[in-house]
Amino acid sequence: MKLALRELVRRPGRFATATVILTLIAVLLMFLGGLLDGLIRESTGAIRAQSGDLIVYSDTAQASFLRSRIEPDTRATVDAVDGVERTGGIGVVQLGARVPGNGPRDLASVALFGYEIAPDGVPDVPADGQAWADDILKADGVEVGDELLLGPARSPVTVAGFVSDTPYNSQGSLWASPATWRTVLTANRPDAQLADDVFQSLIVEVAPGADVGDVATAIDAATGDTETFTIDDAINAIPGVEEQQGTFNQIIGVTVVIGLVVIALFFALLTVERTGLYGVLKALGARSGTIFAGVVAQAVAVTLVAAVVAGGLALLLDAVIPPGSIPLLVTPTRIVTSTVLLLVAAIVGCAFSLRRVLRVDPASAIGSGS
(Lines give C-alpha, C1' and ligand atoms only; values in the text may rest on other atoms or scores of the structure.)
Protein backbone atom coordinates (compact mmCIF):
# COMPACT_ATOMS: atom_id res chain seq x y z
CA MET A 1 0.00 0.00 0.00
CA LYS A 2 2.90 2.35 0.78
CA LEU A 3 4.26 1.70 -2.69
CA ALA A 4 0.89 2.60 -4.25
CA LEU A 5 0.62 5.86 -2.30
CA ARG A 6 4.24 6.71 -3.12
CA GLU A 7 3.42 6.32 -6.79
CA LEU A 8 0.59 8.84 -6.38
CA VAL A 9 3.03 11.37 -4.98
CA ARG A 10 5.85 10.77 -7.45
CA ARG A 11 3.77 10.31 -10.61
CA PRO A 12 0.60 12.41 -10.14
CA GLY A 13 0.29 12.98 -13.88
CA ARG A 14 -0.66 9.34 -14.39
CA PHE A 15 -3.81 9.96 -12.33
CA ALA A 16 -4.58 13.48 -13.56
CA THR A 17 -7.14 12.43 -16.18
CA ALA A 18 -9.13 10.30 -13.77
CA THR A 19 -8.98 13.05 -11.13
CA VAL A 20 -10.30 15.70 -13.51
CA ILE A 21 -13.14 13.50 -14.75
CA LEU A 22 -14.09 12.48 -11.20
CA THR A 23 -14.00 16.13 -10.13
CA LEU A 24 -16.50 17.03 -12.84
CA ILE A 25 -18.70 14.08 -11.86
CA ALA A 26 -18.49 15.11 -8.19
CA VAL A 27 -19.42 18.71 -9.02
CA LEU A 28 -22.42 17.46 -10.99
CA LEU A 29 -23.39 15.14 -8.14
CA MET A 30 -23.20 17.92 -5.55
CA PHE A 31 -24.96 20.40 -7.81
CA LEU A 32 -27.84 17.98 -8.42
CA GLY A 33 -28.10 17.26 -4.70
CA GLY A 34 -28.00 20.97 -3.90
CA LEU A 35 -30.65 21.66 -6.50
CA LEU A 36 -32.88 18.96 -5.01
CA ASP A 37 -32.37 20.36 -1.50
CA GLY A 38 -33.10 23.87 -2.75
CA LEU A 39 -36.28 22.83 -4.53
CA ILE A 40 -37.52 20.94 -1.49
CA ARG A 41 -36.70 23.88 0.76
CA GLU A 42 -38.59 26.32 -1.44
CA SER A 43 -41.56 23.99 -1.72
CA THR A 44 -41.89 23.08 1.94
CA GLY A 45 -40.56 26.02 3.96
CA ALA A 46 -43.97 27.27 5.08
CA ILE A 47 -44.90 23.82 6.41
CA ARG A 48 -41.51 23.10 7.99
CA ALA A 49 -41.70 26.40 9.86
CA GLN A 50 -44.94 25.51 11.64
CA SER A 51 -44.45 25.42 15.40
CA GLY A 52 -47.34 22.99 15.92
CA ASP A 53 -47.22 19.21 15.83
CA LEU A 54 -50.12 18.39 13.51
CA ILE A 55 -51.96 19.85 10.52
CA VAL A 56 -55.66 19.09 10.08
CA TYR A 57 -57.27 19.16 6.62
CA SER A 58 -60.74 18.16 5.52
CA ASP A 59 -60.75 14.53 4.43
CA THR A 60 -61.41 15.36 0.76
CA ALA A 61 -58.59 17.90 0.45
CA GLN A 62 -55.74 15.47 -0.31
CA ALA A 63 -53.47 17.50 2.00
CA SER A 64 -54.05 20.69 0.00
CA PHE A 65 -54.83 24.00 1.69
CA LEU A 66 -56.75 25.21 -1.32
CA ARG A 67 -59.17 22.25 -1.30
CA SER A 68 -59.63 22.11 2.46
CA ARG A 69 -62.30 23.71 4.65
CA ILE A 70 -62.49 23.56 8.45
CA GLU A 71 -65.81 24.79 9.83
CA PRO A 72 -66.13 26.26 13.35
CA ASP A 73 -67.97 23.19 14.69
CA THR A 74 -65.20 20.92 13.38
CA ARG A 75 -62.63 23.10 15.09
CA ALA A 76 -64.56 22.92 18.33
CA THR A 77 -64.52 19.13 18.10
CA VAL A 78 -60.77 19.15 17.53
CA ASP A 79 -60.25 21.47 20.50
CA ALA A 80 -62.13 19.00 22.72
CA VAL A 81 -59.94 15.98 21.82
CA ASP A 82 -57.74 14.71 24.65
CA GLY A 83 -54.14 15.70 24.08
CA VAL A 84 -54.90 18.84 22.06
CA GLU A 85 -53.41 21.86 23.82
CA ARG A 86 -54.52 24.52 21.35
CA THR A 87 -55.34 25.04 17.67
CA GLY A 88 -54.72 27.85 15.24
CA GLY A 89 -56.41 28.49 11.93
CA ILE A 90 -54.37 28.92 8.76
CA GLY A 91 -55.15 29.58 5.10
CA VAL A 92 -53.32 30.59 1.94
CA VAL A 93 -54.02 32.23 -1.40
CA GLN A 94 -51.47 32.17 -4.24
CA LEU A 95 -51.30 35.29 -6.39
CA GLY A 96 -49.07 37.53 -8.45
CA ALA A 97 -47.86 40.71 -6.75
CA ARG A 98 -47.06 44.05 -8.33
CA VAL A 99 -43.89 45.43 -6.74
CA PRO A 100 -43.20 49.19 -6.62
CA GLY A 101 -40.61 50.13 -9.22
CA ASN A 102 -41.10 46.99 -11.31
CA GLY A 103 -42.84 46.85 -14.66
CA PRO A 104 -46.60 46.25 -14.80
CA ARG A 105 -46.06 42.71 -16.11
CA ASP A 106 -43.08 41.95 -13.86
CA LEU A 107 -45.02 40.17 -11.13
CA ALA A 108 -43.63 38.46 -8.04
CA SER A 109 -45.21 35.11 -7.27
CA VAL A 110 -46.45 35.10 -3.67
CA ALA A 111 -48.41 32.92 -1.27
CA LEU A 112 -50.32 35.02 1.26
CA PHE A 113 -50.97 33.17 4.52
CA GLY A 114 -53.42 34.14 7.21
CA TYR A 115 -52.34 32.60 10.52
CA GLU A 116 -53.20 32.53 14.19
CA ILE A 117 -50.22 30.58 15.58
CA ALA A 118 -46.93 32.14 14.47
CA PRO A 119 -44.56 29.71 12.70
CA ASP A 120 -40.97 29.44 13.88
CA GLY A 121 -39.06 32.58 12.92
CA VAL A 122 -42.23 34.54 12.13
CA PRO A 123 -43.30 37.29 14.55
CA ASP A 124 -46.78 37.57 15.96
CA VAL A 125 -49.67 38.44 13.65
CA PRO A 126 -49.12 41.93 12.15
CA ALA A 127 -51.71 44.67 11.89
CA ASP A 128 -54.41 44.30 9.26
CA GLY A 129 -53.14 45.27 5.83
CA GLN A 130 -49.55 44.35 6.68
CA ALA A 131 -47.52 41.15 6.26
CA TRP A 132 -44.15 39.64 7.03
CA ALA A 133 -42.40 38.73 3.77
CA ASP A 134 -40.06 35.83 3.11
CA ASP A 135 -36.63 37.15 2.15
CA ILE A 136 -36.73 35.19 -1.11
CA LEU A 137 -38.85 38.11 -2.34
CA LYS A 138 -35.84 40.42 -2.09
CA ALA A 139 -34.78 38.98 -5.45
CA ASP A 140 -37.96 40.55 -6.90
CA GLY A 141 -37.02 43.96 -5.53
CA VAL A 142 -39.30 43.84 -2.48
CA GLU A 143 -38.24 46.09 0.40
CA VAL A 144 -39.56 46.82 3.88
CA GLY A 145 -42.39 49.36 3.67
CA ASP A 146 -43.33 48.48 0.09
CA GLU A 147 -47.02 48.30 -0.69
CA LEU A 148 -47.56 45.20 -2.80
CA LEU A 149 -50.66 44.99 -4.98
CA LEU A 150 -51.87 41.38 -4.97
CA GLY A 151 -53.83 39.64 -7.71
CA PRO A 152 -56.12 41.03 -10.37
CA ALA A 153 -57.95 43.09 -7.71
CA ARG A 154 -54.65 44.74 -6.75
CA SER A 155 -55.30 44.29 -3.06
CA PRO A 156 -52.77 46.38 -1.09
CA VAL A 157 -50.53 44.69 1.48
CA THR A 158 -47.62 46.51 3.12
CA VAL A 159 -44.38 44.67 3.93
CA ALA A 160 -43.74 45.03 7.68
CA GLY A 161 -40.43 43.13 7.64
CA PHE A 162 -38.66 40.02 6.42
CA VAL A 163 -38.52 36.42 7.65
CA SER A 164 -36.39 33.54 6.40
CA ASP A 165 -36.91 30.02 5.06
CA THR A 166 -40.70 30.08 4.74
CA PRO A 167 -41.44 29.81 0.98
CA TYR A 168 -44.32 27.69 -0.26
CA ASN A 169 -44.44 25.84 -3.61
CA SER A 170 -41.42 27.89 -4.72
CA GLN A 171 -43.29 31.12 -4.04
CA GLY A 172 -42.28 33.83 -1.61
CA SER A 173 -44.64 33.77 1.34
CA LEU A 174 -46.43 36.67 3.01
CA TRP A 175 -47.64 36.18 6.59
CA ALA A 176 -50.66 38.28 7.48
CA SER A 177 -53.61 38.40 9.83
CA PRO A 178 -56.62 36.18 9.08
CA ALA A 179 -58.65 39.32 8.30
CA THR A 180 -56.12 40.47 5.68
CA TRP A 181 -56.03 37.00 4.14
CA ARG A 182 -59.83 36.83 3.94
CA THR A 183 -60.03 40.28 2.36
CA VAL A 184 -57.46 39.42 -0.31
CA LEU A 185 -59.00 35.97 -0.91
CA THR A 186 -62.50 37.40 -1.35
CA ALA A 187 -61.35 40.18 -3.68
CA ASN A 188 -59.25 37.96 -5.94
CA ARG A 189 -60.83 34.51 -5.61
CA PRO A 190 -64.55 35.20 -5.01
CA ASP A 191 -65.38 31.58 -5.82
CA ALA A 192 -63.16 30.48 -2.90
CA GLN A 193 -64.22 33.04 -0.29
CA LEU A 194 -64.84 31.73 3.20
CA ALA A 195 -67.22 32.75 5.94
CA ASP A 196 -65.88 34.25 9.14
CA ASP A 197 -64.19 31.71 11.45
CA VAL A 198 -63.77 29.23 8.58
CA PHE A 199 -60.15 28.31 7.80
CA GLN A 200 -58.58 26.04 5.23
CA SER A 201 -56.68 24.10 7.87
CA LEU A 202 -55.76 23.92 11.54
CA ILE A 203 -52.36 23.85 13.19
CA VAL A 204 -52.54 21.71 16.33
CA GLU A 205 -50.20 21.88 19.29
CA VAL A 206 -50.18 18.62 21.23
CA ALA A 207 -50.09 18.71 25.02
CA PRO A 208 -46.78 17.69 26.66
CA GLY A 209 -46.61 13.95 27.22
CA ALA A 210 -49.30 13.10 24.67
CA ASP A 211 -48.44 10.85 21.75
CA VAL A 212 -48.66 12.81 18.50
CA GLY A 213 -49.80 9.82 16.46
CA ASP A 214 -52.51 8.88 18.94
CA VAL A 215 -53.81 12.45 19.02
CA ALA A 216 -53.95 12.56 15.21
CA THR A 217 -55.97 9.34 15.14
CA ALA A 218 -58.28 10.62 17.86
CA ILE A 219 -58.92 13.87 15.97
CA ASP A 220 -59.99 12.09 12.79
CA ALA A 221 -62.14 9.66 14.75
CA ALA A 222 -63.86 12.47 16.64
CA THR A 223 -64.63 14.68 13.63
CA GLY A 224 -65.32 11.98 11.04
CA ASP A 225 -64.47 14.37 8.19
CA THR A 226 -60.81 15.35 8.68
CA GLU A 227 -57.40 13.99 7.75
CA THR A 228 -54.63 14.83 10.18
CA PHE A 229 -50.93 14.80 9.35
CA THR A 230 -47.73 15.23 11.30
CA ILE A 231 -45.54 18.03 9.98
CA ASP A 232 -43.22 15.56 8.23
CA ASP A 233 -46.13 13.71 6.63
CA ALA A 234 -47.69 17.00 5.53
CA ILE A 235 -44.41 17.97 3.85
CA ASN A 236 -44.27 14.69 1.95
CA ALA A 237 -47.92 15.10 0.96
CA ILE A 238 -47.31 18.43 -0.78
CA PRO A 239 -47.97 17.81 -4.50
CA GLY A 240 -44.74 17.30 -6.41
CA VAL A 241 -42.38 16.84 -3.45
CA GLU A 242 -42.08 13.05 -3.65
CA GLU A 243 -41.95 13.20 -7.45
CA GLN A 244 -39.09 15.71 -7.33
CA GLN A 245 -37.19 13.59 -4.84
CA GLY A 246 -37.71 10.42 -6.89
CA THR A 247 -36.61 12.02 -10.16
CA PHE A 248 -33.50 13.67 -8.74
CA ASN A 249 -32.49 10.59 -6.78
CA GLN A 250 -32.64 8.57 -10.00
CA ILE A 251 -30.44 11.13 -11.77
CA ILE A 252 -28.03 11.15 -8.83
CA GLY A 253 -27.93 7.34 -8.94
CA VAL A 254 -27.07 7.38 -12.64
CA THR A 255 -24.31 9.92 -11.96
CA VAL A 256 -22.82 7.66 -9.28
CA VAL A 257 -22.89 4.73 -11.71
CA ILE A 258 -21.03 6.84 -14.28
CA GLY A 259 -18.39 7.56 -11.64
CA LEU A 260 -18.15 3.84 -10.92
CA VAL A 261 -17.65 3.06 -14.61
CA VAL A 262 -14.96 5.74 -14.96
CA ILE A 263 -13.02 4.37 -12.00
CA ALA A 264 -13.44 0.78 -13.15
CA LEU A 265 -12.16 1.52 -16.67
CA PHE A 266 -9.26 3.64 -15.48
CA PHE A 267 -7.92 1.15 -12.97
CA ALA A 268 -8.58 -1.78 -15.29
CA LEU A 269 -6.34 -0.14 -17.88
CA LEU A 270 -3.81 0.73 -15.19
CA THR A 271 -3.77 -2.89 -14.04
CA VAL A 272 -3.04 -4.06 -17.58
CA GLU A 273 -0.10 -1.63 -17.80
CA ARG A 274 1.22 -2.87 -14.47
CA THR A 275 0.99 -6.59 -15.13
CA GLY A 276 4.77 -6.91 -15.22
CA LEU A 277 5.19 -4.89 -12.05
CA TYR A 278 2.60 -6.99 -10.23
CA GLY A 279 4.40 -10.11 -11.40
CA VAL A 280 7.65 -8.84 -9.86
CA LEU A 281 5.90 -7.97 -6.61
CA LYS A 282 4.33 -11.43 -6.44
CA ALA A 283 7.70 -13.03 -7.15
CA LEU A 284 9.08 -11.08 -4.18
CA GLY A 285 6.31 -12.45 -1.96
CA ALA A 286 3.59 -9.83 -2.19
CA ARG A 287 0.09 -11.20 -1.86
CA SER A 288 -2.72 -10.45 -4.30
CA GLY A 289 -4.72 -8.92 -1.44
CA THR A 290 -1.90 -6.51 -0.65
CA ILE A 291 -1.60 -5.47 -4.28
CA PHE A 292 -5.35 -4.97 -4.58
CA ALA A 293 -5.37 -2.92 -1.36
CA GLY A 294 -2.86 -0.60 -3.03
CA VAL A 295 -5.18 -0.20 -6.01
CA VAL A 296 -8.08 0.62 -3.69
CA ALA A 297 -5.93 3.09 -1.74
CA GLN A 298 -5.08 4.92 -4.96
CA ALA A 299 -8.72 5.01 -6.03
CA VAL A 300 -9.80 6.35 -2.63
CA ALA A 301 -7.07 9.00 -2.66
CA VAL A 302 -7.98 10.16 -6.18
CA THR A 303 -11.67 10.25 -5.26
CA LEU A 304 -11.01 12.24 -2.08
CA VAL A 305 -8.96 14.81 -3.97
CA ALA A 306 -11.72 15.12 -6.59
CA ALA A 307 -14.39 15.44 -3.88
CA VAL A 308 -12.49 18.16 -2.00
CA VAL A 309 -12.04 20.22 -5.17
CA ALA A 310 -15.65 19.62 -6.20
CA GLY A 311 -16.91 20.59 -2.74
CA GLY A 312 -15.07 23.90 -2.98
CA LEU A 313 -16.47 24.55 -6.46
CA ALA A 314 -20.00 23.66 -5.34
CA LEU A 315 -19.79 26.07 -2.39
CA LEU A 316 -18.45 28.74 -4.74
CA LEU A 317 -21.39 28.21 -7.09
CA ASP A 318 -23.78 28.48 -4.16
CA ALA A 319 -22.14 31.77 -3.13
CA VAL A 320 -22.08 33.46 -6.55
CA ILE A 321 -25.51 32.45 -7.83
CA PRO A 322 -27.92 35.32 -6.98
CA PRO A 323 -30.60 34.40 -4.40
CA GLY A 324 -33.95 33.67 -6.00
CA SER A 325 -32.52 32.80 -9.43
CA ILE A 326 -31.75 29.09 -8.97
CA PRO A 327 -33.00 27.17 -5.91
CA LEU A 328 -29.54 25.84 -5.00
CA LEU A 329 -28.73 24.81 -1.43
CA VAL A 330 -25.27 23.26 -0.96
CA THR A 331 -24.83 22.00 2.60
CA PRO A 332 -21.96 20.18 4.33
CA THR A 333 -24.26 17.19 4.71
CA ARG A 334 -24.86 17.06 0.96
CA ILE A 335 -21.10 17.34 0.25
CA VAL A 336 -20.31 14.54 2.71
CA THR A 337 -23.09 12.35 1.30
CA SER A 338 -21.87 12.87 -2.27
CA THR A 339 -18.29 12.10 -1.21
CA VAL A 340 -19.37 8.86 0.49
CA LEU A 341 -21.31 7.79 -2.61
CA LEU A 342 -18.27 8.41 -4.80
CA LEU A 343 -15.99 6.52 -2.39
CA VAL A 344 -18.34 3.53 -2.49
CA ALA A 345 -18.35 3.77 -6.30
CA ALA A 346 -14.53 3.90 -6.27
CA ILE A 347 -14.20 0.77 -4.15
CA VAL A 348 -16.78 -1.12 -6.20
CA GLY A 349 -15.15 0.05 -9.42
CA CYS A 350 -11.78 -1.25 -8.26
CA ALA A 351 -13.35 -4.65 -7.68
CA PHE A 352 -13.39 -5.12 -11.45
CA SER A 353 -9.57 -5.08 -11.36
CA LEU A 354 -9.40 -7.69 -8.62
CA ARG A 355 -9.82 -10.67 -10.95
CA ARG A 356 -6.99 -9.50 -13.18
CA VAL A 357 -4.72 -8.94 -10.17
CA LEU A 358 -5.50 -12.44 -8.87
CA ARG A 359 -4.70 -14.00 -12.26
CA VAL A 360 -1.27 -12.40 -12.58
CA ASP A 361 1.31 -15.18 -12.78
CA PRO A 362 4.80 -14.03 -11.71
CA ALA A 363 6.70 -16.16 -14.23
CA SER A 364 4.60 -15.30 -17.28
CA ALA A 365 4.26 -11.62 -16.31
CA ILE A 366 8.01 -11.20 -15.86
CA GLY A 367 8.70 -13.18 -18.98
CA SER A 368 6.33 -11.12 -21.13
CA GLY A 369 7.78 -7.92 -19.78
CA SER A 370 11.39 -8.87 -20.57
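The values are calculated or read from the model by the stated rules, or taken from the named source; none is laboratory data. Bear in mind the structure is a predicted one, so any value in this text is a computation, not a measurement. Every residue, glycine as well, gets a Cβ built from its backbone with ideal geometry; the counts of neighbours run over all protein chains shown.
Evaluate region 70-84: report whether one residue or more is buried (at least 20 other Cβ atoms within 10 Å of the Cβ), in contact with a Phe, Trp or Tyr (Cβ under 8 Å, 6 or more places away or on another chain), in contact (Cβ under 8 Å) with a residue 40 or more places away in the chain and not in a helix (DSSP H, G or I). Yes; the residues of region 70-84 include at least one that is buried (at least 20 other Cβ atoms within 10 Å of the Cβ), in contact with a Phe, Trp or Tyr (Cβ under 8 Å, 6 or more places away or on another chain), in contact (Cβ under 8 Å) with a residue 40 or more places away in the chain and not in a helix (DSSP H, G or I). Determine whether region 140-155 contains at least one residue that is closer than 30 Å to residue 217 by Cβ, assigned to a strand (DSSP E or B) and of a type in the set (D, E, K, R). No, region 140-155 contains no residue that is closer than 30 Å to residue 217 by Cβ, assigned to a strand (DSSP E or B) and of a type in the set (D, E, K, R).
Considered as a group, the residues in region 318-358 that are at pLDDT 85 or above, out of contact with any helix residue (DSSP H, G or I) (no Cβ under 7 Å at 6 or more places or on another chain) and aliphatic (A, V, I, L, M) include one that is surrounded by the most Cβ atoms within 10 Å (Cβ to Cβ), and that residue is 344.
For region 241-252, the criterion of being touching a residue at least 24 places away in the same chain (Cβ under 8 Å) and more than 30 Å from residue 306 (Cβ to Cβ) is met by at least one residue. Scan region 114-158 residue by residue and report those that are closer than 19 Å to residue 103 by Cβ and among the aliphatic types (A, V, I, L, M). Scanning region 114-158 gives 137, 139, 142, 148, 149, 150. Condition test on residue 108, is it on the phi > 0 side of the Ramachandran plot and in contact with a helix residue (DSSP H, G or I) (Cβ under 7 Å, 6 or more places away or on another chain)? No, not satisfied.
A single entry from 83, 91 fulfils the requirement of being within 30 Å of residue 329 (Cα to Cα), in the same structural domain as residue 213 (by TED's automatic domain parsing) and more than 24 Å from the chain's Cα centre (by Cα): 91.
Filtering region 169-186 to residues that are surrounded by fewer than 17 Cβ atoms within 10 Å (Cβ to Cβ) and free of Cβ contacts under 8 Å to residues at least 60 places away in the same chain leaves only 186. Scanning region 198-220 for residues that are surrounded by fewer than 18 Cβ atoms within 10 Å (Cβ to Cβ) and under 17 Å from residue 60 (Cβ atoms) returns 198, 220.
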